[in-house]
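See below for the structure under consideration.
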Amino acid sequence: MKIAVLLRRVPDTTAKIAIGADGVSIAEAGVKFVPNPYDEYALEAAIALKDAAGAGETIVVALGPDVVQETLRTALAMGIDRAIHLQGAASTDGLANARVLAEHLGPLGCDAILCGKLAVDDYGQQTGAMVAELLELPCATAVSKLEVSGGRATVEREVEGGVEQASCALPAVFTCDKGLNNPRLPSLKGIMAAKKKPLDIVPVTVGEAQSSVVSLALPPERAAGRIVGEGAAAVPALVQLLTSEAKVL
Amino acid sequence: MAAILAVLEQRQGALRKGAAELIAAALQVAGVSGDTVDVLICGNGAVSGADALGAAGADRVLTASHADFTNYCPDGIVATVASIAANYRAIFIAATSTGKDLAPRVAARLGSSCAMDVTSVAAAGAKVRVVRPVYAGKALQTVDLAGTPVVAVRPGSYPAAAIAKAGMVESVAVPSFSRRLEVSGIRAPEKATLDVAEARVVVSGGRGLGDPKHFALLEELAAAFGGEAAIGASRAVVDAGWIEHGAQVGQTGKTVAPELYFAIGISGAVQHLAGMRTAKVIVAINRDKDAPIFKVADFGIVGDLFEVVPALTAAIAQAKAH
Ligand SMILES: Cc1cc2nc3c(=O)[nH]c(=O)nc-3n(C[C@H](O)[C@H](O)[C@H](O)COP(=O)(O)OP(=O)(O)OC[C@H]3O[C@@H](n4cnc5c(N)ncnc54)[C@H](O)[C@@H]3O)c2cc1C
Ligand SMILES: Nc1ncnc2c1ncn2[C@@H]1O[C@H](COP(=O)(O)O)[C@@H](O)[C@H]1O
């Protein structure tokens, strides 16, 4: 089975966010970058699918500046076979990026393309479904269960009030949610092996976009919270506030 | 005069909640420019609730019926939206789990931008200007969308409006499409519970509960709200297996925006806040007065939850009885 995984480099989720001088992006100084947490589920799933098939190839693909090569190496250290760096500045527009990704994924002829449900930086939540649409492939998003047999995939995804079940033929695109698996950590052996695995660099140019970021701002502080009191004695005052001030009862 | 299309969600022939809110969001753009708002419902046969949409501000109610539309059918809905999209300046979709699946597919088909989890929307000349939380809610991004953008509005962002319009029902043909994804149905959870993402009140518990059996305390508090409250949880207790993942609120769980959110025995880690900071009113109960949750809570009680929660349950039940 031939499987591609789309990987994005994002700030660590515990990082403190400050607005950059341009007013539309974050200040990157001092911020630690990691593979997008949801992409780790995709990487793990890809390795598991290939292992289950007994043969095939896993390829990790990232679009971005040269620093993404470090993130790609992390994926290789986990056990992915080879990497492709689509070298160029990514857009803030999901479709503009998806077009470049789809253009380079198409010729690979994969049985499955896996990506994260969302990137924890831009919360775009769109790349996978867009790539699928552009390649005219079936797509299931936010899957927390993925089984492949006989050229078909069955998936489960959480929806309001239950778990939706679906199936499709391969090749297809899947975006991965928490619960799909427990991503492995790179082993020391894996880290050594990763240095020798192929990492191809393909220069790309991301095209024009129809969306533009006007500004990025810190959210307004929630009005300073109020400690109503201590222990059960504070309950009547709380209920009073919820009733007459907040009017939510 | 252009128009806005709001694509509504149905399940098994019944309109999902949130339709009126989505129309209200579309009216934020349409209201200024005098645009009309049409809604599209893709179902298999009649969909209950469609006749009430005029009262919520819909000029026209377009219905597209197809045998494949009993369950969610993204490929068919995308084809249907694409067949009428040229008439519209923007497509609005609720950012539910289904809407988030649909929105980027529609955008890619139209060659448009897609803005997800939008919490505020306005007209900006010919463009649509949206605000959306990014970086797990640690920043707000303002984006201008040209073309025919797809705007996925986070549920709870706009209250339903009472701007009565004609709500004229018209049917729309479903173009031929290839059904690449086959949804077979939705498996209900073992016990029927209200979903945290949909409830007006969310009562969430964390590690401070000490033991999974103590969720019973929260269930009693939720019950005092008479069917309006759902049980939520922090990741710590979901990972510990105390409660199912569907209850998890936060960055790797659900994003909720209820009117009232209780964080009980939850410290308030950034990843938890990412999922609930847009709640209208946040109440925290924690025995540690320095817990970060108190920084975002509107109202806090410092104390032992085992003492405070039962007292609160009794007081809410009493207040509700009046
Ligand atoms: C990539 C990533 C994603 C994550 N995603 C999520 C997510 O989606 N959602 C999420 O919630 N977390 C998430 N986390 C985990 C998060 O960082 C915290 O570890 C988690 O939220 C802590 O859960 P908690 O508040 O229940 O536990 P704790 O932090 O242990 O807090 C327990 C609290 O209970 C209080 N307490 C104890 N006993 C009592 C008592 N008797 N009465 C009153 N108060 C009491 C304590 O004072 C303490 O404040 C994520 C972490 C990472 C790294
Ligand atoms: N620049 C990129 N390079 C490779 N994959 C990406 C890139 N951006 C997004 N993705 C993939 O798309 C998923 C969803 O991203 P987003 O649509 O931005 O939330 C991520 O989890 C990645 O798998």
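The values are calculated or read from the model by the stated rules, or taken from the named source; none is laboratory data. The model shown is predicted, which means the values in this text are computed figures rather than measured ones. Heads up, the Cβs are rebuilt from the backbone with ideal geometry, glycines too, and the neighbour counts pull from every protein chain shown.
In the stretch B:277-288, what residues are under 18 Å from the mean Cα position of the chain (by Cα), in contact (Cβ under 8 Å) with a residue 60 or more places away in the chain and surrounded by 24 or more Cβ atoms within 10 Å (Cβ to Cβ)?
B:ALA279
Please find, among B:ALA274, B:ALA236, B:ALA216, the residue that is within 14 Å of ligand 1 (Cβ to nearest atom), surrounded by fewer than 24 Cβ atoms within 10 Å (Cβ to Cβ), away from every other protein chain (no Cβ under 11 Å) and in a helix (DSSP H, G or I).
B:ALA236 is the lone residue from the list that is within 14 Å of ligand 1 (Cβ to nearest atom), surrounded by fewer than 24 Cβ atoms within 10 Å (Cβ to Cβ), away from every other protein chain (no Cβ under 11 Å) and in a helix (DSSP H, G or I).
Might you check whether a residue that is closer than 22 Å to A:GLY116 by Cα, away from ligand 2 (no atom under 16 Å from the Cβ) and buried (at least 24 other Cβ atoms within 10 Å of the Cβ) occurs anywhere in the stretch B:104-117?
no
Counting only residues that are of a type in the set (Asp, Glu) and at the interface with chain A (Cβ under 9 Å from one of its Cβ atoms), which one in the stretch B:278-309 is farthest from ligand 1 (Cβ to nearest atom)? I'd like the intermediate steps shown before the answer.
Kept after step one, since they are of a type in the set (Asp, Glu), are these residues of the stretch B:278-309: B:288, B:290, B:298, B:304, B:307.
This time we only want the ones that are at the interface with chain A (Cβ under 9 Å from one of its Cβ atoms), so: B:298, B:304, B:307.
Details: B:ASP298: 18, B:ASP304: 5, B:GLU307: 8 Å.
Looking at residues that are of a type in the set (Asp, Glu) and at the interface with chain A (Cβ under 9 Å from one of its Cβ atoms), I get B:ASP298.
Scan the stretch B:79-93 for residues that are touching a helix residue (DSSP H, G or I) at 6+ places or on another chain (Cβ under 6 Å), surrounded by fewer than 21 Cβ atoms within 10 Å (Cβ to Cβ) and closer than 24 Å to B:GLN12 by Cα and jot them down.
Correct list: B:ALA82 only.
How many residues does the stretch A:24-77 hold that are among the aromatic types (Phe, Trp, Tyr) and either surrounded by 21 or more Cβ atoms within 10 Å (Cβ to Cβ) or not in a strand (DSSP E or B) (or both)?
Qualifying residue count, the stretch A:24-77: 2.
Go through (1) within 7 Å of chain A (Cβ to nearest Cβ); (2) farther than 30 Å from B:LEU305 by Cβ and name the single condition B:VAL174 misses.
Just one mismatch for B:VAL174, condition (1).
Would you point out which residue out of B:GLY265, B:GLY241 is away from ligand 1 (no atom under 13 Å from the Cβ), more than 7 Å from chain A (Cβ to nearest Cβ) and on the phi > 0 side of the Ramachandran plot?
Answer to the check: B:GLY241.
Scan A:ALA169, A:ALA129 and give me the residue that is within 14 Å of the chain's Cα centre (by Cα), touching a residue at least 12 places away in the same chain (Cβ under 8 Å), facing chain B (nearest Cβ under 9 Å) and under 21 Å from B:PHE69 (Cβ atoms).
Answer to the check: A:ALA129.
Within the stretch A:93-103, track down each residue that is more than 8 Å from chain B (Cβ to nearest Cβ) and either near ligand 2 (Cβ under 10 Å from one of its atoms) or hydroxyl-bearing (Ser, Thr, Tyr) (or both).
A:ASN97, A:VAL100, A:LEU101
Look through A:CYS139, A:CYS110 and report the one residue that is facing chain B (nearest Cβ under 8 Å), more than 15 Å from the chain's Cα centre (by Cα) and crowded, with 22+ Cβ neighbours inside 10 Å.
A:CYS139
Can you say whether A:GLU147 is among the acidic types (Asp, Glu) and within 22 Å of B:VAL150 (Cβ to Cβ), as far as the supplied structure shows?
It is false that A:GLU147 is among the acidic types (Asp, Glu) and within 22 Å of B:VAL150 (Cβ to Cβ).
Name the pairs: first residue in the stretch A:6-32 and away from chain B (no Cβ under 11 Å) and of a type in the set (Lys, Arg), second residue part of a strand (DSSP E or B) and within 16 Å of ligand 2 (Cβ to nearest atom), Cβ to Cβ under 6 Å, at least 6 apart or on different chains?
A:ARG9/A:PHE33
Residue check, B:VAL61 against (1) surrounded by fewer than 23 Cβ atoms within 10 Å (Cβ to Cβ); (2) over 20 Å from the mean Cα position of the chain (by Cα), all met but one. Which one?
(1)
Does B:GLY253 meet the test of being more than 11 Å from every other protein chain (Cβ to nearest Cβ), near ligand 1 (Cβ under 9 Å from one of its atoms) and at pLDDT below 95?
So B:GLY253 fails the test.
Identify all residues within the stretch A:217-241 that are more than 37 Å from the chain's Cα centre (by Cα) and more than 7 Å from every other protein chain (Cβ to nearest Cβ); write none if there are none.
Hits for the stretch A:217-241 are A:ALA233, A:ALA237, A:GLN240.
Residues of the stretch B:41-52 being surrounded by fewer than 20 Cβ atoms within 10 Å (Cβ to Cβ) and either of a type in the set (A, V, I, L, M, F, W, C) or farther than 16 Å from B:SER65 by Cβ (or both), which ones?
Pass one, the stretch B:41-52, residues surrounded by fewer than 20 Cβ atoms within 10 Å (Cβ to Cβ): B:44-46, B:48-49, B:51-52.
Answer for the stretch B:41-52, where residues must be surrounded by fewer than 20 Cβ atoms within 10 Å (Cβ to Cβ) and either of a type in the set (A, V, I, L, M, F, W, C) or farther than 16 Å from B:SER65 by Cβ (or both): B:ALA46, B:ALA52.
Test A:THR58 against the criterion of being touching a Gly at 6+ places or on another chain (Cβ under 8 Å) and either away from every other protein chain (no Cβ under 14 Å) or within 16 Å of ligand 1 (Cβ to nearest atom) (or both), and give yes or no.
yes
Could we say that A:ALA119 is crowded, with 18+ Cβ neighbours inside 10 Å, among the hydrophobic types (A, V, I, L, M, F, W, C), touching a strand residue (DSSP E or B) at 6+ places or on another chain (Cβ under 8 Å) and farther than 21 Å from A:MET1 by Cα here?
yes
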